[in-house]
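Heads up, the thing below is written out as structure tokens.
The numbers here are math on the coordinates, done by the rules we state, and not lab data. Here the structure is a predicted model, which is why all the values come from computation and not from measurement. Cβ coordinates were reconstructed from backbone atoms using ideal geometry, including for glycine residues, and neighbour counts include every protein chain displayed.
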Amino acid sequence: MSPDALTPAALRYFVCIAELGSLTAASRALRISQPSLTVALRKLEEELGTTLFVRTSRGVRTTSSGDALLRHARQVMRSLADARTEIEGLEKEPRGRFTVGCHESLGAYFLPGLMAPFLARHPGIELALWNGNSRDVQRAVLDRVVDVGIVVNPEPHPEHVVQTLFEDRVELVVTSALRRTARREPLALLRSHPLLYVPALKQVQWLLVALEKRDVRASRPLPCSSMELVKSLILDGTGVGVLPRRVASHRVAEGRLVALDDALPAYEDSIAVVRRADAHVTSAMRLLLDALVAHGRSMRAAASVSR
């Protein structure tokens, strides 16, 4: 059988003839000449190796082979119509399901204020969240596990489109109450209290090396498993912690957490939206991207942690 035997056009011609029971009526409905329709039908019968119609005094009617083809042809035509409707909806209407990837601590302060109003405005769009560190999120975008990633300090990649949203700052943070106890010697807190940090973070590793170069060392290092744990322990007055400013300030009363010393080294972070360069940007995807960028850029104002 030729690979062109059952094209959508051939099936449409066949279904029209079967439903109207006349080649003449079908040629008018399809707006093609009757000889062209006859040739198309003959080719279809030859390629299928069967007779699809028999002539009657009133026109034509399907044979048993024609009946079998008609059942399947109608299913195919319905499926094609459904596909067209769905695709038009994806291109023109805000519908679809997307997975957004980000680090849990980043998502904790970035997503509130975005998710609820976005989902309320666009009930046809479904969102799922995927958590991982920024490198994992970038890999998930490349692997098409995640549609859009919100990442810290994205690594350049030829298959990524990156839009920078705002900046952050990783620094030594302490409660204002504990900071007051050190008065004019804030570094004394590093000798008397634990230093809380997540050792796996690149920013933390850089900051600890930068402090050592200035001969600033913690006498009681206390590695932690997450930034949220570091934050909780700082707030409890346990010691000094290494945190991004925005993580430290999220849902914390202004002035309660402060930078240990403005003169100490700090790591400047860049937060960005990442997607694949070849991603199919439907109308729903465009709405999501625009919302993420607008929300992110509204956060460019400095965080409320006092300096």
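For trypsin sites (Lys or Arg not before Pro), the sites in region 200-234 that DSSP calls loop and that have at most 12 other Cβ atoms within 10 Å are R214.
In terms of overall dimensions, region 6-159 has a Cα radius of gyration and Dmax of 26.3, 78 angstrom. Could you please report the charge total around L129, scoring K, R as +1 and D, E as -1 over all other residues with beta-carbon less than 14 angstrom from its beta-carbon? Local net charge: -3. For the chain, the longest principal axis of the C-alpha atoms and the axis of helix 202-213 are separated by about 20°. Taken over region 92-233, the percentage of Cα pairs per 5 Å bin, counting from 0 up to the bin with the maximum distance, is 2, 8, 14, 17, 16, 13, 10, 8, 6, 4, 2, 1, 0. A Cβ-based charge dipole, computed about the Cα centre of the chain with Lys and Arg at +1 and Asp and Glu at -1, lands at about 500 debye.
Taking the longest Cα principal axis of the chain as reference, the axis of helix 34-48 is set at about 70 degrees. For region 8-92, the Cα gyration tensor yields ellipsoid semi-axes of 25, 15, 11 Å (square root of five times each eigenvalue, largest first, whole Å). Shown is the FRET efficiency for R121 and V216, computed with R0 = 35 Å from the Cβ-Cβ distance and rounded to the nearest 0.05: 0.10.
A quarter of the convex hull surface defined by the alpha-carbon atoms of the chain gives 22.5 nm² as the mean projection.
For region 288-300, putting each phi into the Karplus relation 6.51 cos²θ - 1.76 cosθ + 1.60 with θ = phi - 60° gives couplings of 5, 4, 4, 5, 4, 5, 5, 5, x, 6, 6, 9, 5 Hz, in residue order, rounded to whole numbers and with x for Gly and Pro. Sites counted here are GluC sites (Glu not before Pro) in a DSSP loop (not H, G, I, E or B) having no more than 16 other Cβ atoms within 10 Å; the longest part of the chain that contains none of them is 1-158. For the chain, the longest principal axis of the C-alpha atoms and the axis of helix 8-20 are separated by about 50°. Over the Cα atoms of region 168-268, the radius of gyration divided by the Kirkwood radius equals 0.91; this is the Rg/Rh ratio.
Around P156, under 15 Å between beta carbons, what's the net of Lys plus Arg minus Asp minus Glu among the other residues? Cβ neighbours under 15 Å give a net charge of +2.
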